[in-house]
Amino acid sequence: MKALIQRVQTASVNIAGERHSEIGPGILLLLGVEKTDSQASADKLLQKILNYRIFSDSEGKMNLNLQQQGGGLLIVSQFTLVADTAKGLRPGFSKGATPEQGEALYEYFVSQARSRHPDVATGHFGADMQVSLINDGPVTFLLEA
């Protein structure tokens with residue numbers, strides 16, 4: 001399971017030209033699910049994301065996590081994160097979960113996030129989404145579980 005997290009001032013998801021969800025300051029999380037992923041890997045990754053210190057403290061050091069900062073968490077499924085790009089000029093997706101497995105683990109991840117953090121928004125699994133953000137910093141990290 002892979003997560004590309006970006007510290008944002010604001011982020012939103014539009015679907016079919018309409019606003020689906022949005023957050024203010026916080027984290028935009030793009031989530032990719034691989035065949036070998038499980039609920040245990042989802043739990044491990046969520047724990048890391050909620051506690052990853054990417055927000056500045058009073059001295060300007062990245063010392064605060066999302067829960068300490070109190071920001072929003074926007075979770076968007078993105079299967080292209082698990083693409084194999086090592087060879088050639090076209091990505092391969094043989095490591096990616098099936099749509100059924102990917103959706104089940106995405107929904108599990110979201111439900112666990114909602115049970116542990118008060119401000120969680122989402123995209124829609126499998127939808128053609130337009131994601132907008134104002135990256136704060138910019139601060140972007142790739143996390144894996």
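Annotations for the structure displayed:
- If the segment from V139 to R19 were pulled out straight at 0.36 nm per residue, it would be longer than the present Cα-Cα gap by 40.7 nm.
- Relative to the longest principal axis of the Cα atoms of the chain, the long axis of helix 99-116 makes an angle of roughly 20 degrees.
- Springs between Cα atoms under 10 Å define the GNM used for the chain, and in it the highest mean-square fluctuation of S94, S12, S77 occurs at S94.
- Between the beta carbons of E107 and S56, assuming R0 = 25 Å, the FRET efficiency works out to 0.15 to the nearest 0.05.
- Length released on extending from N63 to T85, taking residue separation times 0.36 nm less the Cα-Cα span: 4.6 nm
- A simple spin-label model places pseudo-atoms 7 Å from Cα toward Cβ; at L4 and F93 they are separated by 1.5 nm.
- Separation of the range 34-72 and the range 2-31, taken as the distance between their Cα centroids, equals 15 angstrom.
- Listed peptides 64-74, 134-144, 115-125 by packing density, highest first (mean Cβ within 10 Å): 64-74, 115-125, 134-144
- Relative intensity, log₁₀ I(q)/I(0), of the range 1-45 from a Debye sum that treats every alpha carbon as a point, q = 0.20, 0.22, 0.27 Å⁻¹: -0.77, -0.83, -0.92
- Look at [x] 60; [y] 19; [z] 27: the one that is percent of Cα pairs over 27 Å apart derived from this structure is [y].
- The GNM of the chain, with springs linking C-alpha atoms under 10 angstrom apart, assigns the highest mean-square fluctuation among V131, V110, V76 to V131.
All of the numbers you see were taken from the coordinates with simple rules; none came from a lab. This structure is a prediction, so every number in the text was calculated from the model and none was measured. All Cβ positions, glycine included, derive from the backbone under ideal geometry; neighbour counts span all protein chains shown.
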